[in-house]
Every structure is written in structure tokens, then in C-alpha cells.
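The values are calculated or read from the model by the stated rules, or taken from the named source; none is laboratory data. Note that this is a predicted model, so its numbers are computed, not measured. So basically every Cβ, Gly included, is an ideal-geometry build from the backbone, and we count neighbours across all protein chains shown.
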Amino acid sequence: MQFTEEHEHFRESMRRLVDEEINPFVDEWEEAGIFPAHELFPKLGEVGAFGLEYDPEFGGGGADHSFTYVMAQELGRIKCAGVPMAIAVQASMATPALARFGSDELKKTYLEPTLRGEMVCSIAVSEPDAGSDVAGIRTRAVRDGDDWVINGRKMWITNGTQADWLCLLARTDDSQPGDYHGMSLIVVPTTTPGFSVGRKIEKMGNHSSDTAEIVLDDVRVPISNTVGEAGRGFQQQMAQFQDERLVGAYIAAVGARKALDRTKDYLQQRIAFGKPLLANQYLQYKLAELYADVDTVEGFLQYAADKYLAGNDVTREATVAKLKTGRLTREVADACVQFHGGMGYAEEMWVARYFRDARLASIGGGADEVMLRVITMMEGMGKK
Amino acid sequence: MKIAVCVKQVPDTWAEKRLKPEDSTLDRESAEGVLNELDEYAVEEALRLIEAQGGEVVVVSMGPERAGETIRKALSMGADAGIHIVDDALHGSDAIATSAALAKALEGRGFDLILFGSESTDARMSVVPAMVAERLGLPQLTFAQKVEVDGSTVRIERQAEYGYDSIEASAPVVVSVVEKINEPRYPSFKGIMAAKKKPVDTLTVADLGLEPVTVGLAAAWSAVDEFAARPPKAAGTVIADDGAGGVKIADYLSQQKFI
């Protein structure tokens, strides 16, 4: 990837925004269990963080993927994982299908204000009884005249208590139950009667990001809210997952390097047995090993980004990136806690938060086991 | 309304700055160049004024080749065009020569308002806006914490220790701003990409009609005779309180002529 002066200027804008509008408030938001999306997102919208790669006619930036990479790297500098995740949901997880396949009217009504940050959105795929097994979802949308009537429950909905609309995956054709055919992505405004937030879920980490269970009880939306062609929802969502997994990995890799840097600084300052802890060769080698792993993952991510940039299918790369970055994040977080000793276990330092947040990296956006399953199928092992 | 904003590229505020041994001028290669922070506020104010009243913002900067990045930064915030005064003969210019070059570049272009940041983070003299106003024969409204344009009347709140003074003048006028005036925007992705296509004129000393001998290091009214690196911090004096600690501290402060 070649970075130009424009990339550096955009990086500088993102960095300033993170340093001035986000990082000073992270502790407060973590404590509150939510961040003010409707206050923060317009600032990100103004800088162009949402919809970088989308069509300028509908509020996008018309940029190539290298700018998304730069943005994700700066989001990785946020002092928690909850806020960057919430931003990435709006930028790269809930909107790609709408931008790619949505009608002009749908894009005018929902995509444009979302890219300006005036609307907040969520992606609603998982359910209480179907997470990794996307084909097993039960939420149904039944056609009634010009409307869909939707019933079901959605789980783990990031931004769920604040969202103005959801990109929701529902079963729209019952002829092949339990199969991936007959699903559709539908834009569901959260003000629609019958829509309710069942509960806000308390989580181990990512405290600043609100996560909800959503209840849909005879929610009626126009058929014209269907993203692209009805019945293609599963495929559209699978494509959308590639953006989600890559961007998530870009963010996490920067976070891992930053965690190692901070731990190294701490070990340099911390004196034990008359010397800085960092003088201990075991700790040096362990950190060196982890730096080497972060280098390797970053190299792979750049390769994946380049391949995406060249217009190739990156299902394999996004899958490997998600799997390896997630595992490395956990390993780094564990080492950081260990090397900080008691302080690593105390909430007053950053390490404990990082450890809690890092655990999601191998679960959210598709668990490690799902990634392994995708690779298994690509290698011709197991059954589709 | 036609507004000029004079901006300067300065070494990154947080970087260690060095002077070049050969001519005692700032080593611009030793630190990253950035848009002087107070000038960002001036650019922001200009953008707000034309967003409200219509018009055009032109960014003017004197500096070496790489000061072009700084002009580009101001253009990415939303300014319309740039003027870059660049000439090796200008190297080492003091505030007097700088003001001469800026005044020549500004005159005759029909600017209603000429904005400056009130000082640069490197030289910190705060004199260039006043000098430019004097050379152009224009009123100067300096240290503005608020600017209002009402027809041809420009009114500012001039920041003072006791609050502010309200002063006004008729356009065209030179205004320098303080950081209290606004919150500068972050250049957006679209602004950054658009900046690439905006026009930037370059002007040399000859284009300005200045004699080369009147600018640059040799023409400066002040000179650096010698300089030395800042000495390392000396260890502080520790006074243990044995009951007379207060007296000892007072003695120490008295010796240092603080009290």
C-alpha cells in the first residue's frame, strides 16, 4: 500500500479527533456503560470517517480501501475497544450492503444521514438461538401487501439502544427452513411500532459500547426497505462480513502493538531486584516474540488490504486475518496483565480493560471456530 | 468578501528545535513542519465568515518549498486558493523583511480582511500583523477573541487581562486572532482530496518587486552571535523541614531574587 500526503493529512485529522473528542472521555463512557453516539458520530461524519469507500452521490467519499486502512489504524489508538467497535459498525459492518445493493431511495433516506453521523445504525444478524450459525436464524418477515411484517428477536446488537435503524437479516421465504436461501436484509427504523429494546446486555468488556437484545413484534416496514433483491440476504451479509472482519483486524492489530509499547515502557520504569524489570531477559524475549507476531499479522493485513484494493475476493484473507489477529490480541493482553503483576489486575490501570476487551476479538464478528470452519471448507475438508 | 489568511509553517510545537551551526538559523529539517496553531484559528475564522456571508479565502504563506504542505493543509480545511512566496533569497528573513514580502504579495488584490494568528509558536514576536498593516496603510485590530463583519465595519473583541475591549475599523483591515476565538475544524477526507486541485500561485522576490538585498539573513536587523544547547536540568535544592523550613525557603527565594 502506498501512502500519499493525502493519507497523512487524513490520518492527522483522525488522530486529532481521537485525541480531542474521544480519548479524554473514554473513562467516563466506560463507567456509564454507553457512549453518546448521537453526539460523537456527527463529528466523525464531518471528517468523512463513515462511508469512505462509498459512492459520493450518496454521501460517500469515493476513496479506495487504503483510506479505510488508515482510518482503522487511528481507531486502534482509542483507549478502549467499545467505541472503535461502535464506529466500525456504522462505517463498515451495517452499511456496506446498503451502499452496494440498496435502492437510490433507501440510500437517500438512510445511508446519507448515517454517513453524516446524524443517524446511528446497527447490524442485526445474531439471535438468542443462532449466532455463528447464521443459516439458523428464525426472525421472519412475512409479506402482507406492500409491507413486510417482521417477528423475532435479535441478540448482541451493538449500538442497539441508540440506533435509528437496523440492517436486519430475516427469513423471507420459508420453503427451505434452516437453509441459507430465502433470507433478506431489510432496513428497519427503530421508531416502527412493535420494535423494542428487550434489554441492554451487561458484558465482560467493551463497556462503553451499548449492546442490546431487540424484540420485533409485528413490525411493519415497506417491502421497498429490502436491501437489493429479496432472497439474497445471506449472500449479501456474507460479503458484508468480509468488511467487518478486515476492519476489525486492522483496529485490533494497532491496539496490540500499542499495548506492547505501553507494557515495555512500564517494565522500563518499574524497578525490581535493583534493576528495571525490562532488564530481565525472559521478559525481553517474550515481548520480542510478541512484537514479531504483531509484525507478521500486520504484514498479512497489508497483504489482505492490497488484495481488497485490487478488487479481489478476500474471503480467505478476511477469515485468516480475523482468526489470527483475535488470537494474538488475547495472547498480548494476557502477557500485558502478567507483566504488570498486581497492577495488571487492578482497574485503575489500562491493562485490565484491555484484557477484558481483548476477549471479544475471538468471538465477535464470527467466532474463531467459525473462521476455522470457513478455512476447512476452502481446503475441501468437511461438508458445506 | 475577500479574505486573506497569512499562515506560517513552524516546527512541530512538541519537537526539540535546533539552530543550524553554519548560520544560526532554525534547522527546519530537524523537526516536522506544521501549520502554526494560531494560524489554524485564523483560517477557521475566515471560513466561518465566508460560510455566513459568502466570499473567498486565500491563504498566503512565505517559506521554503515544503511550506507548500502547510498551504495545502489550510486548503484542505476549506480555503479556496493559495499564494506561496518562495525564494532562496528569503532564507533567514526577520519579521521586518517578512512583513515587506507579505505586504507586497497582499497589496492590490482587493482583500477586505487580512487575518493572522496573533503569534507563531517558533518566533513568538507577535509583530508581523502590525507591521503588515503599517506597510499597507491599513487599520489593525489585533488579539481578536471575536470578529464581526457588518457591511464595511469590522468589529472585534480585543483580548485584555481585564476582559476585552470592543474596537472597530472600516474594511480593508488587518486582524490577528487568539485561540479563544473558535475551535478549528478537522480537515475532512473530501476537503483533503479537493485541496489537491485548488490553485496555488508561487511568487519570488523578483515577482514581488523587492530588492534581494532588502530581505534574507544579511538584511536582518538582528543577528544571533552565538548559541548553546540548553544545559541539562540541575538537581534541585532539597530543604528538610527541621522546624525552620519556612525561613530557609524564604532565604533561598530571597537569594534568587524572587522575593
(request) Among what's in the range A:259-316 and is assigned to a helix (DSSP H, G or I) and of a type in the set (Val, Ile, Thr), pick the residue that is surrounded by the fewest Cβ atoms within 10 Å (Cβ to Cβ). (result) A:Thr296
(request) Find the strands (runs of 3 or more DSSP E) located wholly in the range A:160-212 whose residues include 3 or more that are hydrophobic (A, V, I, L, M, F, W, C), in contact (Cβ under 8 Å) with a residue 12 or more places away in the chain and exposed (fewer than 15 other Cβ atoms within 10 Å of the Cβ), and list them. (result) none
(message) Suppose we filter B:Ala133, B:Ala171, B:Ala219 for residues that are more than 14 Å from chain A (Cβ to nearest Cβ), surrounded by 14 or more Cβ atoms within 10 Å (Cβ to Cβ), modelled with pLDDT under 95 and touching a strand residue (DSSP E or B) at 6+ places or on another chain (Cβ under 6 Å); which single one remains?
(response) B:Ala171
(request) Could you list, in sequence order, all residues of the range B:8-48 that are closer than 12 Å to B:Thr121 by Cα, in contact with a strand residue (DSSP E or B) (Cβ under 8 Å, 6 or more places away or on another chain) and of a type in the set (A, V, I, L, M)? (result) B:Val10, B:Val34, B:Leu35, B:Leu38
(request) Go through the range A:158-200 and count every residue that is charged (D, E, K, R) and more than 14 Å from A:Thr139 (Cβ to Cβ). (result) 4
(message) Report every pair of residues separated by at least 6 positions or lying on different chains whose Cβ atoms are under 9 Å apart, first residue within the range A:1-21 and more than 9 Å from chain B (Cβ to nearest Cβ), second surrounded by 15 or more Cβ atoms within 10 Å (Cβ to Cβ) and among the acidic types (Asp, Glu).
(response) A:Met1/A:Asp306; A:Arg11/A:Glu74; A:Arg15/A:Glu74; A:Val18/A:Glu74
(request) Only residues that are among the hydroxyl-bearing types (Ser, Thr, Tyr) and buried (at least 20 other Cβ atoms within 10 Å of the Cβ): list them for the range A:127-159, please. (result) A:Thr139, A:Thr158
(message) Of all residues being more than 19 Å from the chain's Cα centre (by Cα) and without any contact (Cβ under 8 Å) to a residue 60 or more places away in the chain in the range B:108-153, which is farthest from B:Met1 (Cα to Cα)? Just the residue, please.
(response) B:Gly137
(message) What are the pairs with Cβ atoms under 6 angstrom where one residue, in the range A:82-101, is farther than 13 Å from A:Gln236 by Cα and touching a residue at least 12 places away in the same chain (Cβ under 8 Å) and the other, located anywhere, is outside any helix (DSSP H, G or I) and among the small types (Gly, Ala, Ser)? Sequence gap at least six, or different chains.
(response) A:Gly82/A:Ser208; A:Gly82/A:Ser209; A:Val83/A:Ser208; A:Met85/A:Ser209; A:Ala86/A:Ser209
(request) Quickly run through the range B:174-190 and pick out the residues that are small (Gly, Ala, Ser), under 19 Å from B:Ala4 (Cα atoms) and within 14 Å of another protein chain (Cβ to nearest Cβ). (result) none
(request) Counting only residues that are within 14 Å of chain A (Cβ to nearest Cβ) and closer than 22 Å to B:Thr142 by Cα, give me the helices (runs of 4 or more DSSP H) lying completely in the range B:10-127 with at least 1 of them. (result) B:37-53, B:68-77
